[in-house]
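Report on the structure given below.
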Amino acid sequence: MLGDVTISAIGRGTLFAWRELGGITILAGQVLRALLPPRLDGPELFRNLYRMGNRSLPIIALTAFFVGGIMVIQAGVLVKQLNAAGLVGWGAGYAIFREVGPMLIALMFSGRVGSNNTAELATMTVTEQLDGLRALAIDPIPYLVVPRVIAMTVSLLCLVVLGNLIALYGGAFFAMFLLDLEFSTLYYSLVDNIGWLDFVHGAIKAAVFGSAIAMTSCYFGISVRGGAVGVGKAVNAAVVAAAISIVTLDFLLTAVLP
Amino acid sequence: MTSSATPSSLIEFRDVHKAFGAKRILQGLTMEVGRQEVFFIIGTSGVGKSVTIKHLIGLLRVDQGEIHFDGERIDNLSEKHFYPVRKRIGMVFQHATLFDSMSLRENVALPLRKHQGLGTKEALAKSDELLERVHMGNFAHSSPATLSDGMKKRAAIARTLAMEPQVVLFDEPTTGLDPVNARRIDRLIRELSDDLGVTSIVVSHDLPSIFGIADRITFIYQGKAYKSGTRQDFEQSGDPIVRQFISGNSHGPMETPGF
Amino acid sequence: MSVHTRIEGLGARAIAASHAGARLFVIGAKSLRGVFDRDYPKGEVARQMYVVGNKSLLFIAITMGFLGMVMVIQSGHQLNRVTGDLSQLGPQFLKLFIQEFAPTITALMLSTRVGAGIAAEVGSMKVTEQIDALRLSGITPTSYLIAPRLLACLSMGSILTVIAIVIAFTAGGISAWSVFGLNPTAFFDSSMVRTYDIVIGSVKALSYSLAIPIISGFCGLEARGGSEGVGTATTSAVIGSSFAVLLLDFMISGIGLMVFGGGV
């Protein structure tokens, strides 16, 4: 009995997931078509870029600072075990550039900007503002969705590049403070072992995560149903979908990228 | 009134059916709207008046039947091909649907920028003019959230006029407004038709509005055009269902869901 | 003038933030007391446990599975480059997941899934004045609403963390075997795990499970003004609990390193 319920729940969940995945894919196709040739609203793009970057900068900076600290503490355990202070800069830098920086900053970005975006689009949808746009012969995809996708991709890319730097400085700060390491030890450990490839690897991930967050948050925003309760559900569904996309894409990109 | 298309008719619904799931709303609606008329679609709530006009700009699609606009069939157009039609048919929604993130003049400037090829400055200047025409000039810089419903509706009319449409659809333009503001909206609709040659289709159950400005009226009942005619035709009608509606009597032969 | 008003603005924001912090503290303390008052409907804890566990299980399984694979692949490549010795990959992976990644990533996922849900639910009740109705009938919203969610998060948070470790370790082992041809017996080796790791991991999981429902409930109770208010509450619950998780992670790891020398 309970087994049946669980199985049918999983079945329903799977069907639901496929439907949403299909919807997101269709939206992605529409966005790509609107980009060739680019048809998008300049003022709307700059408004979103400013808002999204500006709104999330403080929380991302704080997150990055502490993430740097966490990485160094983890590395510090290894240092004490193996007595290998020369590896801290390398280990923390490698982890921050390739994995932890892009992923954690993307998760925070999704919580801050993605969920806000879903709430805004969902409110517009339930109050018929999207139909209002169509009635003005303005296609909501190039006007509303495309600028947001570009803005989120660009701003997450910038935030990750900036956040990585802050994380490294945060890491250096805590390494000097907690592990009594010299700045120069950390610096040479980093620059001797970390190459451009590690940086590019993380930057590509950031851009892909940014567009994934944008697609999921826009999709759940414009396909919302059922008033104010629907808006809350849409936000919840969007952040969950964004988290799943981030982790699965991270896996795929790790396998594909050098 | 003839049943075939006359050269003067601009919009024509032919045997239109529309259902939402098991709920059948339109069940063979046929009607014609003439050029530069103020045309009213009336009926009780939930009878499908708003549903009817949303078909004209492709927000809803017919299940069966045809819709013609200016000699062209539009019910089978793709979403992409509907955009040219939407430039010619504007719509003022029941809840105005102004964009919250913009001031009134930015709202009105949006279609100007998008369709008339104006730069931001020119578009804003022109939008001030349009807001002046609907007597909202003093509120050009206000955000929609701070305005009353009547003001929002007038701003929404200005935004629709920015498209320079041939036809404007009004979804319950006077519902929820006090009588003074309602008559102001009525006067605006009449002026559009008389001064600018716009054809207006108004969805309403507001009797003073109907008998104040309508050129012709279609009364929708049970998914069909139960009666079409001029104001005088309706005032003089002896049909018991029409009489019940225009007298606002709760008792009578009319069957409404839930009663 | 502008500098002056800016400083004033900053000051006002600082005061508002410290007031909010005080309210958060009060709500946290009241919710904890509510746990002992048992002033909530019978079976509510079980229902919330089902909501928390059921809603998050598949989600956490997917994310932790992929994360386990990614971590193994990344660190395996790096180890191959430097030493070519992968024998420590599995044991170190397990150690790191027990005391760091499993509790923290699970909690970050719970913040998005469960935290947002609590804030949306409590926030909707707040803006529709149901919270006021509760107060009028002599019921404390913190004991009635937040306490059962707190208990549910505490129990399910720990269980989900254990599940997360198992899934990530298994997925990591499979990918170490398929990508690097590493023998599973070499990977599935728990010899590096010390009591210290388990204690730190448990302390983290429990602190996160306390913070998420309290912060999310607080955001819900602070909601104001219609559907937009609910949206804002949901958003701040996600970001607030995620940030709290990272901050707690940093603090607990830091204390562990400073006081216990990282368990070495």
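The values are calculated or read from the model by the stated rules, or taken from the named source; none is laboratory data. Computed from a predicted structure; not experimentally measured. Methodologically, a virtual Cβ is constructed for each residue, glycine included, from the backbone with ideal geometry; neighbour enumeration extends over all protein chains shown. With ligands, DNA and RNA removed, areas are computed over all heavy atoms of the protein, side chains included. Shrake-Rupley method; radii C 1.70, N 1.55, O 1.52, S 1.80 Å.
In segment C:43-50, the condition of being open to solvent by 50 Å² or more (accessible area, probe 1.4 Å) and within 12 Å of chain A (Cβ to nearest Cβ) is met by at least one residue.
The condition (being surrounded by 18 or more Cβ atoms within 10 Å (Cβ to Cβ), closer than 28 Å to residue C:233 by Cα and within 12 Å of chain C (Cβ to nearest Cβ)) is satisfied by just one residue among A:229, A:240: A:240. Within segment A:94-114, no residue that is under 19 Å from residue A:238 (Cβ atoms) and within 11 Å of chain C (Cβ to nearest Cβ) sits with its Cβ atom under 6 Å from a residue that is open to solvent by less than 20 Å² (accessible area, probe 1.4 Å) and outside any helix (DSSP H, G or I) at 6+ positions apart or across chains. You will find that of B:217, B:201, B:213, the residue that is closer than 24 Å to residue B:179 by Cβ, of a type outside the set (Lys, Arg), open to solvent by 10 Å² or more (accessible area, probe 1.4 Å) and in contact (Cβ under 8 Å) with a residue 60 or more places away in the chain is B:213 and no other.
Might you check whether a residue that is in a loop (DSSP other than H, G, I, E, B), open to solvent by 10 Å² or more (accessible area, probe 1.4 Å) and among the small types (Gly, Ala, Ser) occurs anywhere in segment C:86-106? Within segment C:86-106, one or more residues are in a loop (DSSP other than H, G, I, E, B), open to solvent by 10 Å² or more (accessible area, probe 1.4 Å) and among the small types (Gly, Ala, Ser). Of all the criteria given as (1) of a type outside the set (Phe, Trp, Tyr); (2) open to solvent by 10 Å² or more (accessible area, probe 1.4 Å); (3) more than 12 Å from residue B:49 (Cα to Cα); (4) not in a loop (DSSP other than H, G, I, E, B), the one not satisfied by residue B:164 is (4).
Scan the helices (runs of 4 or more DSSP H) fully inside segment A:55-133 and keep the ones with 1 or more residues being hydrophobic (A, V, I, L, M, F, W, C) and open to solvent by 30 Å² or more (accessible area, probe 1.4 Å). Break it down stepwise before answering.
Numbers: elements: A:88-95, A:101-109, A:115-126.
Here the list reads A:88-95, A:115-126.
Within segment C:120-135, being without any contact (Cβ under 8 Å) to a residue 24 or more places away in the chain and either outside any helix (DSSP H, G or I) or within 12 Å of chain A (Cβ to nearest Cβ) (or both) holds for C:128, C:129. No other residue among B:48, B:58, B:71 is open to solvent by 10 Å² or more (accessible area, probe 1.4 Å) and at positive phi apart from B:71. Scanning segment C:246-264 for residues that are more than 7 Å from every other protein chain (Cβ to nearest Cβ) and modelled with pLDDT of 85 or more, we see that the one that is least open to solvent (accessible area, probe 1.4 Å) is C:256.
Sort out which residues of segment B:8-56 are part of a strand (DSSP E or B) and in contact with a helix residue (DSSP H, G or I) (Cβ under 8 Å, 6 or more places away or on another chain), and write them in order of number.
Those that are part of a strand (DSSP E or B) and in contact with a helix residue (DSSP H, G or I) (Cβ under 8 Å, 6 or more places away or on another chain): B:11, B:13, B:16, B:18, B:25, B:26, B:29, B:38, B:40, B:41, B:42.
Pairing each residue of segment A:174-186 that is facing chain C (nearest Cβ under 10 Å) with any residue that is at pLDDT 80 or above, provided the two are 6+ apart or on different chains, yields C-beta distances under 6 Å for A:174/A:69; A:174/A:72. Looking across A:70, A:60, one residue alone is within 23 Å of the chain's Cα centre (by Cα), within 9 Å of chain C (Cβ to nearest Cβ) and at pLDDT 85 or above. It is A:70.
Regarding residue C:175, is this residue crowded, with 24+ Cβ neighbours inside 10 Å, within 11 Å of chain A (Cβ to nearest Cβ) and in a helix (DSSP H, G or I)?
no
Regarding residue C:212, is this residue open to solvent by 10 Å² or more (accessible area, probe 1.4 Å) and either modelled with pLDDT of 90 or more or of a type in the set (Phe, Trp, Tyr) (or both)?
On the way: open to solvent by 10 Å² or more (accessible area, probe 1.4 Å): no; either modelled with pLDDT of 90 or more or of a type in the set (Phe, Trp, Tyr) (or both): yes.
No; evaluated as a whole, the condition is false for this residue.
Scanning for something assigned to a helix (DSSP H, G or I), at the interface with chain A (Cβ under 7 Å from one of its Cβ atoms), open to solvent by 10 Å² or more (accessible area, probe 1.4 Å) and among the hydrophobic types (A, V, I, L, M, F, W, C), does segment C:69-77 turn up at least one residue? Yes, some residue in segment C:69-77 is assigned to a helix (DSSP H, G or I), at the interface with chain A (Cβ under 7 Å from one of its Cβ atoms), open to solvent by 10 Å² or more (accessible area, probe 1.4 Å) and among the hydrophobic types (A, V, I, L, M, F, W, C).
Filter segment C:228-245 for residues that are over 17 Å from residue C:114 (Cβ atoms) and open to solvent by less than 40 Å² (accessible area, probe 1.4 Å); which is farthest from the other protein chains (Cβ to nearest Cβ)?
C:229
Any residue at all in segment B:219-234 that is assigned to a helix (DSSP H, G or I) and polar (S, T, N, Q)? Among the residues of segment B:219-234, at least one is assigned to a helix (DSSP H, G or I) and polar (S, T, N, Q), which makes the answer yes.
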